[in-house]
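The values are calculated or read from the model by the stated rules, or taken from the named source; none is laboratory data. Predicted model only: the values in this text are computed from it and were never measured. As a convention, Cβ positions derive from the backbone with ideal geometry for all residues, glycine included, and neighbour counts pool all protein chains shown. To get the accessible areas, we keep the full protein, side chains included, count just its heavy atoms, and leave off ligands, DNA and RNA. Shrake-Rupley method; radii C 1.70, N 1.55, O 1.52, S 1.80 Å.
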Amino acid sequence: GVPGVFPEPQQDPVIAIAAVALRQGAREPFLRAVFTLLPCAPLRGAAVRSFDTERDLLQVRFGAKNGDF
């Protein structure tokens, strides 16, 4: 992409999606997840799941009830 210009989907892949889930009234999240395009280093306090393609990354699903993803 070009600095200062909004990313173009044809040129700039999504490389990471992060999610934090918190139960109403709770002080701490019950789930911290990071989904990445290709492997990355471990992230303290977060579950990391890597995908080989941007398509797979963008289709990630997880069950908020039990923290599975």
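Here are some notes:
- Test: residue in the range 9-31 that is within 20 Å of V60 (Cα to Cα), charged (D, E, K, R) and at pLDDT 90 or above: no
- Among residues of the range 32-57, those that are open to solvent by 80 Å² or more (accessible area, probe 1.4 Å) and either among the small types (G, A, S) or touching a residue at least 12 places away in the same chain (Cβ under 8 Å) (or both), counted: 4
- Flag for V60 being in contact (Cβ under 8 Å) with a residue 24 or more places away in the chain, in contact with a strand residue (DSSP E or B) (Cβ under 6 Å, 6 or more places away or on another chain) and either open to solvent by 70 Å² or more (accessible area, probe 1.4 Å) or in a loop (DSSP other than H, G, I, E, B) (or both): yes
- Total residues in the range 21-52, condition outside any loop (DSSP other than H, G, I, E, B) and more than 16 Å from the chain's Cα centre (by Cα): 0
- For beta carbons closer than 8 Å, sequence separation of 6+ or different chains, a first residue in the range 1-20 that is in contact (Cβ under 8 Å) with a residue 40 or more places away in the chain and part of a strand (DSSP E or B) and a second that is surrounded by 10 or more Cβ atoms within 10 Å (Cβ to Cβ) and small (G, A, S), the qualifying pairs are A19/A33.
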